[in-house]
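Notes follow once the structure below has been shown.
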Amino acid sequence: MSDRQNVLRVENATMQFGGVVAVNNLSLEVNQGEIVALIGPNGAGKTTAFNVITGVYQPTNGEISFMGKPMIRNHPRGKMEKLYKGQNGDLYRHGHTLAPTPDHITKLGIARTFQNIRLWKSMTVFENVIIAKHMRAKHNIFTSTFRLSHKEEARMREETEALLREQGLWHLKDELATSLPYGYQRRLEIARALATDPKLLLLDEPAAGMNPQETLELADFIHEIRDKYNLTILLIEHHMDLVMNISDRIYVLDFGSLIAQGLPAEIQKNQHVIDAYLGVVEDE
């Protein structure tokens, strides 16, 4: 057990769609400054787990805490009480249901990227990032109406410029986001996430579509932003070389259930993990 502050704790999280259990009784934790990987074959439930953590889906059961405070909590209700196939269905029945929206979770300090890049297509590189900055803006209806927020706007523009320069994107600031080469789009999506000033960054397959050299550079980049922005990182990734190179700890899902957890060297030798990767071909 780490003596560092716990940033994220997922307890007994189950996500069931109708009669299908996509994530089954998942528990994991990520501590301050760690890079933790969530891996598994295609269809294992990894992105579903991310969607539960970020409020895209309300879990059917379970509790998620952020920075030591409960953030999400639910238990099977209504028709799901009879349909429920997961474990610990009664565990959270007497607690208050907590169901924050994704924007509220972002404001708490959790940012994410997506398996399929989701940039604002009609906006420039600069606009994609400064809009994310507005999430932390302090102006309100009064200051906006009477144009008293020009200092705030100037600050956000300066911070956006600094962030784009740091990420090597400033020379592309006026380009449409979707006109960029794939690698730059990935970097822009991460820059946009950083613009929300997160404590926890969730990366969903950041190396997807990258060649071996780009993947090596990504490993350095992830370490760099972790240190520079004092981040804690949870990532999903299929590139095992990248996972083993940068992860402090690894959790492994198969068919929605946790089958292994541990240090990279332990996971590499785990026979359950080896068998899972050899046997599953269905896409998630």
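Step by step: first the residues of the range 88-134, then only those that are aromatic (Phe, Trp, Tyr) and either more than 18 Å from residue 53 (Cα to Cα) or in contact with a His (Cβ under 7 Å, 6 or more places away or on another chain) (or both), then the one that is surrounded by the most Cβ atoms within 10 Å (Cβ to Cβ). Which residue is that? Walk me through how you get there before you give the answer.
Just the residues of the range 88-134 that are aromatic (Phe, Trp, Tyr), to begin with: 92, 114, 120, 126.
Filter once more, so that each one left must be either more than 18 Å from residue 53 (Cα to Cα) or in contact with a His (Cβ under 7 Å, 6 or more places away or on another chain) (or both): 92, 120, 126.
Details: 92: 21, 120: 14, 126: 19.
Looking at residues that are aromatic (Phe, Trp, Tyr) and either more than 18 Å from residue 53 (Cα to Cα) or in contact with a His (Cβ under 7 Å, 6 or more places away or on another chain) (or both), I get 92.
Yes or no, residue by residue, for (1) without any contact (Cβ under 8 Å) to a residue 60 or more places away in the chain; (2) in a helix (DSSP H, G or I):
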residue	(1), (2)
198	no, no
206	no, no
215	yes, yes
222	no, yes
227	yes, yes
233	no, no
238	no, no
241	yes, yes
244	yes, yes
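How many residues, within the range 76-87, are assigned to a loop (DSSP other than H, G, I, E, B), surrounded by 17 or more Cβ atoms within 10 Å (Cβ to Cβ) and out of contact with any helix residue (DSSP H, G or I) (no Cβ under 9 Å at 6 or more places or on another chain)? First the steps, then the outcome.
Initially, the range 76-87 is screened for residues assigned to a loop (DSSP other than H, G, I, E, B), giving 76-79, 84-87.
Now narrow it down to the ones that are surrounded by 17 or more Cβ atoms within 10 Å (Cβ to Cβ): 76, 84, 86.
Within this subset, residues satisfying the condition of being out of contact with any helix residue (DSSP H, G or I) (no Cβ under 9 Å at 6 or more places or on another chain) are 84, 86.
Of the residues in that region, 2 qualify.
Would you check if residue 165 is closer than 21 Å to residue 106 by Cβ and assigned to a helix (DSSP H, G or I)?
no
Would you mention how many residues in the range 218-235 are crowded, with 18+ Cβ neighbours inside 10 Å and either under 14 Å from residue 200 (Cα atoms) or not assigned by TED's automatic domain parsing to the domain that holds residue 51 (or both)?
Looking only at that region, the number is 7.
Confirm whether residue 247 is under 25 Å from residue 166 (Cβ atoms), modelled with pLDDT of 95 or more and of a type in the set (Gly, Ala, Ser). Let's see the steps before the verdict.
Details: under 25 Å from residue 166 (Cβ atoms): yes; modelled with pLDDT of 95 or more: yes; of a type in the set (Gly, Ala, Ser): yes.
The answer is yes for residue 247.
Mind checking which residues of the range 107-129 are under 15 Å from residue 187 (Cβ atoms) and not in a strand (DSSP E or B)?
113, 114, 117, 118, 119, 125, 126, 128, 129
Residues of the range 19-44 being buried (at least 20 other Cβ atoms within 10 Å of the Cβ), outside any loop (DSSP other than H, G, I, E, B) and of a type outside the set (A, V, I, L, M, F, W, C), which ones?
Listed by number, the list holds a single entry, 24.
Among 200, 263, 253, which is out of contact with any Asp or Glu (no Cβ under 6 Å at 6 or more places or on another chain) and over 28 Å from residue 56 (Cα atoms)?
263
Whether any residue in the range 187-196 is out of contact with any Lys or Arg (no Cβ under 7 Å at 6 or more places or on another chain), modelled with pLDDT of 90 or more, assigned to a strand (DSSP E or B) and within 30 Å of residue 123 (Cα to Cα) is what I want to check.
Checked the range 187-196: no residue is out of contact with any Lys or Arg (no Cβ under 7 Å at 6 or more places or on another chain), modelled with pLDDT of 90 or more, assigned to a strand (DSSP E or B) and within 30 Å of residue 123 (Cα to Cα).
Working only within the range 45-71, note down all residues that are more than 18 Å from residue 233 (Cβ to Cβ), in contact with a strand residue (DSSP E or B) (Cβ under 8 Å, 6 or more places away or on another chain) and part of a loop (DSSP other than H, G, I, E, B).
45, 55, 57, 58, 59, 60, 68
Among the residues that make up the range 253-270, is at least one of them within 20 Å of residue 113 (Cα to Cα) and of a type in the set (Ser, Thr, Tyr)?
no
Quick one: residue 16 ticks every box in (1) in a strand (DSSP E or B); (2) among the polar types (S, T, N, Q); (3) at positive phi except a single one, so which number is it?
Here residue 16 clears every test but (3).
Do the conditions hold for residue 208, that is, is it within 21 Å of residue 120 (Cα to Cα) and either surrounded by fewer than 20 Cβ atoms within 10 Å (Cβ to Cβ) or over 19 Å from the mean Cα position of the chain (by Cα) (or both)?
yes
The values are calculated or read from the model by the stated rules, or taken from the named source; none is laboratory data. Everything numeric here is computed off the predicted structure, so don't read it as measured data. Every residue, glycine among them, receives a Cβ derived from its backbone with ideal geometry; neighbour counts consider all protein chains shown.
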